[in-house]
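The values are calculated or read from the model by the stated rules, or taken from the named source; none is laboratory data. Quick caveat: nothing in here was measured; it's all calculated off a predicted structure. Cβ coordinates were reconstructed from backbone atoms using ideal geometry, including for glycine residues, and neighbour counts include every protein chain displayed.
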Amino acid sequence: MDRDERIESVKKAFGAKILGADRVRGIPVVTAAKQDIPAIASHMHRASDLRGTLSLQWAVDLRPRLAAYRIYYLFTLSGGPWLMLQTELYGEDRLFPSITPRIHAAKWYEREIRDMFGLIAEGHPDLRRLVRHEHWPKGTHPLKKDFSWNHVMGRQDGEYHFRQIEGEGVFEVPVGPIHAGIIEPGHFRFSVAGEPIMQLEVRHFWKHRGVEKLFENLTWAEGVSLAEKVSGDTSFGHSLCYCQAAESLLGIEVPPRANYLRSLFLELERLHNHIGDVGAICNDAAYALALAHCGRMKERIMQINDSLTGSRFLRGLNRVGGLSIDLPSDQLDAAALALKKIEEDFTDLSKIIFNNASLTDRLETTGILKERTARDHGVMGVVGRASNIDRDVRRDHPFAAYDRLRFKVPIYRYGDVRARLRVRVDEVHESMDLIRQALENLPVGPITNAALPAPQPGDWALSAVEGWRGEILYFVMAGEEGKIHRCKVRDPSFVIWPAIQFAVLGNIIPDFPLINKSFNLSYAGTDL
Amino acid sequence: MFRIIQKSLKTGIVTGNYPAPTKSERPVPDAVRKKASVFGRSLAIREVDTGSCNGCEMEMNALMNPVYDAERFGIHIAASPRHADALVVTGPVTVNMEKALKDVHAATPDPKLVIALGDCACDCGIFKGSYAVTGPVERHIPVDVKISGCPPRPSEILNALKKLQGRKP
């Protein structure tokens, strides 16, 4: 179906309620008044020709250009194309209708918008604070334009009310924010009767650092290094997504060589994270042997990263317009040789892992995320592909050099820990193959397009990258004097965290670390 | 079983297979060295993340892999601050983690060392001044050792810890 037909489908259903329909950089955008949003969003979500998943919902404070807030809804339709919906709140209007009762995936987005902008989603079933912990003073909404980035916050008393289950023999087990291993802070509140988990509530945002506000102080070129620090393990994925958004906005053409190298580095990042995860998942089922082997393979890849680029995390590499360094072919060949050895090594190890019956017994049927639950939450990425959600940005919205590379997207149906492990193992082999292809076809030429034109204030662009966890999204809007007006960052973790609350139900608490590891979500990328 | 043994034999010993760090660490002040000497040649570390990007966590984890194997120097990760000789703090200390950091520090038995790991923990790095950040670490708890880098390489962390223990690099 042609993209314009999608707009027509919405127009046909709603007629005069559609105030405008436009295409911005290829993305169809429908504008409507706020009271019509729930019905239109619901149509985009349910209509048989659209079947959209809510991929992102975010707000922008349009001041000083216009005294209004704009709220955007991004739907990923079946097969991958995007459809956007937007509405505006003028003047002192602070209320907009919630779509959460109809579209579950909006749950956290609307709470986030309330915390960051003070805009209230009317009809939302759960308006407790999300990002702002209870000690933040009333009225502190950091992304409003009249809130300064270096505001010094006071403290107030307050209490967060967890959802409670009461009854004979029901206990609450609080875990965190500081955990036993070397992991990031987050709070988990379990309600149990005996061993099985009856309810889990995830309380996050301990690490909220104000990333989105800090972007608004930066120029386009400066934003790259902040994007690298959104989630350290996905440094390259985030900086790539940011750069693509900026390049699309500024109208910069990236040279082919840089595109191939970007694909190569993104796959390197996927490799070291996936191999590390395979080991860590096995280790949480007490199979330490796999951790030791995977630990050394992951380390080897990070050393390759370091020797190629001078950074184990591939930092300082991306820049708006291309890459900052080029690599000589002998270095790349040496890296390819080393990777080939690691692949053989990893193949041996995966045979050992999957031949171990007691390990399989722990992994199978543990932490099942049902396909229906995954769809309702808009889950994608590794976790989604283990629950039969066939989405991959590299195939659906090709970026960098992926339109010229061949690869398979592994899909598993069971949604348990083992399926998530299998997706990772399969993707390791696909990544190795992608790197080989990228090196074979690597074009010669420049690696950067240096000119940075100034965009028109108010222009925006959207970009997606399939990081190793899943779909990373960046929305950027241009401000005055070459600054960033708004940068909405969405790590896949933000979407998948609420889903983990359902995957653990009926499992025992001692299996939670294993389930959590098989998701391996970023806390920093969620909290921002 | 045969396959597992074969794999281990084929792999051989990988410990120490890493390039030597090029960055020289700051010398450890005598007072800190003296404080650390009570722990002898073992050091139990509790790692506390107060808002890092998780790069530092990845490198701390790497420290325990077979390549760096920090355990061979008596360095191990404790699961609770109650069991720790030293706190390794990463990240710029967010407003939401400030209280948790102070609680952890209070829960760690004396004598204790505090190590600020990474640029964010040392001086808030790129997050300096943000409304959501109240750090750096030394604003809230006394810091004995700073290890800079974004993030510091595992070899650099290991060298700094060895220096603290009074071992030769």
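For the subset of segment A:56-96 comprising residues that are part of a loop (DSSP other than H, G, I, E, B) and within 23 Å of the chain's Cα centre (by Cα), which member is nearest to A:Asp22 (Cα to Cα)?
Taking segment A:56-96 first, the residues part of a loop (DSSP other than H, G, I, E, B) are A:62-67, A:77-81, A:91-94.
The next check asks that each one be within 23 Å of the chain's Cα centre (by Cα); those that pass are A:77-81.
On the way: A:Leu77: 17, A:Ser78: 21, A:Gly79: 21, A:Gly80: 19, A:Pro81: 15 Å.
So, considering only residues that are part of a loop (DSSP other than H, G, I, E, B) and within 23 Å of the chain's Cα centre (by Cα), the one nearest to A:Asp22 (Cα to Cα) is A:Pro81.
Determine if segment A:277-287 includes at least one residue that is in the same structural domain as A:Leu462 (by TED's automatic domain parsing) and within 18 Å of the chain's Cα centre (by Cα).
Our first condition is that a residue be in the same structural domain as A:Leu462 (by TED's automatic domain parsing); within segment A:277-287, this holds for A:277-287.
If we keep only those that are within 18 Å of the chain's Cα centre (by Cα) too, we end up with A:277.
So far as segment A:277-287 goes, yes, one or more of its residues are in the same structural domain as A:Leu462 (by TED's automatic domain parsing) and within 18 Å of the chain's Cα centre (by Cα).
Could you please find all residues in segment A:39-60 being of a type outside the set (Val, Ile, Thr) and buried (at least 19 other Cβ atoms within 10 Å of the Cβ)? If you could, list the steps in order and put the result at the bottom.
First, the residues of segment A:39-60 that are of a type outside the set (Val, Ile, Thr): A:39, A:41-52, A:54-59.
Once the filter is applied, which keeps residues that are of a type outside the set (Val, Ile, Thr) and buried (at least 19 other Cβ atoms within 10 Å of the Cβ), segment A:39-60 yields A:Ala41, A:Met44, A:His45, A:Leu50, A:Gly52, A:Leu54, A:Ser55, A:Leu56, A:Gln57, A:Trp58, A:Ala59.
Among (1) touching a residue at least 24 places away in the same chain (Cβ under 8 Å); (2) over 18 Å from B:Arg46 (Cα atoms); (3) of a type in the set (D, E, K, R), which single condition is B:Lys168 missing?
(1)
Conditions first: (1) over 23 Å from A:His187 (Cβ atoms); (2) more than 12 Å from every other protein chain (Cβ to nearest Cβ); (3) free of Cβ contacts under 8 Å to residues at least 12 places away in the same chain. B:Ala106 passes all but one, so which condition is the exception?
(1)
Restricting segment A:333-370 to residues that are of a type in the set (D, E, K, R) and more than 28 Å from A:Leu268 (Cα to Cα), which is farthest from the other protein chains (Cβ to nearest Cβ)? It would help to see each step written out before you state the result.
Residues of segment A:333-370 of a type in the set (D, E, K, R): A:333, A:340-341, A:343-345, A:348, A:351, A:361-362, A:364, A:370.
Right, trim to more than 28 Å from A:Leu268 (Cα to Cα) and you get A:361-362, A:364, A:370.
Values: A:Asp361: 18, A:Arg362: 18, A:Glu364: 21, A:Lys370: 29 Å.
Once the filter is applied, the top-ranked residue is A:Lys370.
Residues are listed down the side, and each one gets a yes or a no for (1) basic (Lys, Arg); (2) assigned to a helix (DSSP H, G or I); (3) touching a His at 6+ places or on another chain (Cβ under 8 Å); (4) surrounded by 19 or more Cβ atoms within 10 Å (Cβ to Cβ):
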{"position": "A:Leu339", "(1), (2), (3), (4)": "no, yes, no, yes"}
{"position": "A:Leu349", "(1), (2), (3), (4)": "no, yes, yes, yes"}
{"position": "A:Leu369", "(1), (2), (3), (4)": "no, no, no, yes"}
{"position": "A:Thr373", "(1), (2), (3), (4)": "no, yes, no, yes"}
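Output the number of the condition that A:Phe502 fails; it satisfies all remaining conditions of (1) touching a residue at least 40 places away in the same chain (Cβ under 8 Å); (2) more than 30 Å from A:Pro196 (Cβ to Cβ).
Failed condition: (2).
Before we move on, is A:Ile178 within 30 Å of A:Arg312 (Cα to Cα), crowded, with 18+ Cβ neighbours inside 10 Å and either outside the structural domain of A:Leu249 (by TED's automatic domain parsing) or of a type in the set (Val, Ile, Thr) (or both)?
Working: within 30 Å of A:Arg312 (Cα to Cα): yes; crowded, with 18+ Cβ neighbours inside 10 Å: yes; either outside the structural domain of A:Leu249 (by TED's automatic domain parsing) or of a type in the set (Val, Ile, Thr) (or both): yes.
Against the criterion (within 30 Å of A:Arg312 (Cα to Cα), crowded, with 18+ Cβ neighbours inside 10 Å and either outside the structural domain of A:Leu249 (by TED's automatic domain parsing) or of a type in the set (Val, Ile, Thr) (or both)), A:Ile178 qualifies.
So that you can scan it fast, the table gives a plain yes or no per residue for (1) closer than 30 Å to A:Ala180 by Cα; (2) touching a Cys at 6+ places or on another chain (Cβ under 9 Å):
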position	(1), (2)
B:Ile5	no, no
B:Val14	yes, no
B:Asn17	yes, no
B:Thr22	no, no
B:Lys35	yes, no
B:Ala44	yes, no
B:Asp49	yes, yes
B:Cys53	yes, yes
B:Ala62	yes, no
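Which numbered condition trips up A:Ala227, out of (1) in contact with a Lys or Arg (Cβ under 7 Å, 6 or more places away or on another chain); (2) farther than 30 Å from A:Asp345 by Cβ?
The one condition A:Ala227 does not meet is (1).
For segment B:55-103, how many residues meet the condition of being under 26 Å from A:Asn273 (Cβ atoms), of a type in the set (Val, Ile, Thr) and within 8 Å of chain A (Cβ to nearest Cβ)?
Final tally of qualifying residues: 3.
Filter segment B:123-142 down to residues that are surrounded by fewer than 21 Cβ atoms within 10 Å (Cβ to Cβ) and more than 10 Å from chain A (Cβ to nearest Cβ), then give me how many there are.
The qualifying residues number 6.
Yes or no: segment A:90-97 includes at least one residue that is buried (at least 22 other Cβ atoms within 10 Å of the Cβ) and in contact with a Pro (Cβ under 6 Å, 6 or more places away or on another chain).
So the first thing to find is which residues in segment A:90-97 are buried (at least 22 other Cβ atoms within 10 Å of the Cβ), and the list is A:96.
With in contact with a Pro (Cβ under 6 Å, 6 or more places away or on another chain) added as a condition, the list becomes none.
Scanning segment A:90-97, I find no residue that is buried (at least 22 other Cβ atoms within 10 Å of the Cβ) and in contact with a Pro (Cβ under 6 Å, 6 or more places away or on another chain), so the answer is no.
Only one of (1) surrounded by fewer than 24 Cβ atoms within 10 Å (Cβ to Cβ); (2) more than 27 Å from A:Leu62 (Cβ to Cβ); (3) of a type in the set (A, V, I, L, M, F, W, C) fails for A:Val504. Which number is that?
Failing condition for A:Val504: (1).
Consider segment A:61-76. How many of its residues are in contact (Cβ under 8 Å) with a residue 60 or more places away in the chain, surrounded by fewer than 21 Cβ atoms within 10 Å (Cβ to Cβ) and more than 21 Å from A:Gly139 (Cβ to Cβ)?
Total meeting the criteria: 2.
Quick one: how many residues across segment A:148-164 are surrounded by 13 or more Cβ atoms within 10 Å (Cβ to Cβ) and either β-branched (Val, Ile, Thr) or in contact (Cβ under 8 Å) with a residue 40 or more places away in the chain (or both)?
Number satisfying all stated conditions: 3.
Of the residues A:Gly186, A:Gly181, only one is closer than 27 Å to B:His105 by Cα, within 12 Å of chain B (Cβ to nearest Cβ) and touching a helix residue (DSSP H, G or I) at 6+ places or on another chain (Cβ under 7 Å); which?
Details: A:Gly181 fails: touching a helix residue (DSSP H, G or I) at 6+ places or on another chain (Cβ under 7 Å).
None of the other options fit; the residue is A:Gly186.
Here are some conditions: (1) outside any strand (DSSP E or B); (2) out of contact with any helix residue (DSSP H, G or I) (no Cβ under 7 Å at 6 or more places or on another chain). A:Thr31 meets all but one. Which one does it not meet?
In the conditions (1) outside any strand (DSSP E or B); (2) out of contact with any helix residue (DSSP H, G or I) (no Cβ under 7 Å at 6 or more places or on another chain), A:Thr31 misses (1) alone.
A:Ser42 fails exactly one of the following numbered conditions: (1) farther than 17 Å from A:Leu77 by Cα; (2) in a helix (DSSP H, G or I). What is the number of that condition?
Every listed condition holds for A:Ser42 apart from (1).
Restricting attention to segment A:202-239, report how many residues are farther than 27 Å from A:His274 by Cα, surrounded by fewer than 24 Cβ atoms within 10 Å (Cβ to Cβ) and away from every other protein chain (no Cβ under 11 Å).
3
Can you tell me which residues in segment A:45-55 are in contact (Cβ under 8 Å) with a residue 12 or more places away in the chain and either more than 22 Å from the chain's Cα centre (by Cα) or assigned to a strand (DSSP E or B) (or both)?
Applying the first criterion (in contact (Cβ under 8 Å) with a residue 12 or more places away in the chain) to segment A:45-55 yields A:45, A:47, A:49-55.
Once the filter is applied, which keeps residues that are in contact (Cβ under 8 Å) with a residue 12 or more places away in the chain and either more than 22 Å from the chain's Cα centre (by Cα) or assigned to a strand (DSSP E or B) (or both), segment A:45-55 yields A:Ala47, A:Asp49, A:Leu50, A:Thr53, A:Leu54, A:Ser55.
With (1) part of a helix (DSSP H, G or I); (2) buried (at least 23 other Cβ atoms within 10 Å of the Cβ); (3) not aliphatic (A, V, I, L, M) as the list, and A:Arg300 as the residue in question, which single condition is left unmet?
(2)
Checking A:Leu19 against (1) buried (at least 21 other Cβ atoms within 10 Å of the Cβ); (2) in a strand (DSSP E or B); (3) of a type in the set (A, V, I, L, M), only one condition comes out false. Which one?
(1)
Of the residues A:Asp49, A:Asp61, A:Asp36, only one is under 26 Å from A:Pro455 (Cα atoms) and among the acidic types (Asp, Glu); which? Step through it out loud before you land on a result.
Working: A:Asp49 fails: under 26 Å from A:Pro455 (Cα atoms); A:Asp36 fails: under 26 Å from A:Pro455 (Cα atoms).
Every option except A:Asp61 fails the conditions.
In this structure, does B:Arg153 turn out to be more than 10 Å from chain A (Cβ to nearest Cβ) and of a type outside the set (Val, Ile, Thr)? Lay out the reasoning, then the answer.
Values: more than 10 Å from chain A (Cβ to nearest Cβ): no; of a type outside the set (Val, Ile, Thr): yes.
Spelling it out, it is not the case that B:Arg153 is more than 10 Å from chain A (Cβ to nearest Cβ) and of a type outside the set (Val, Ile, Thr).
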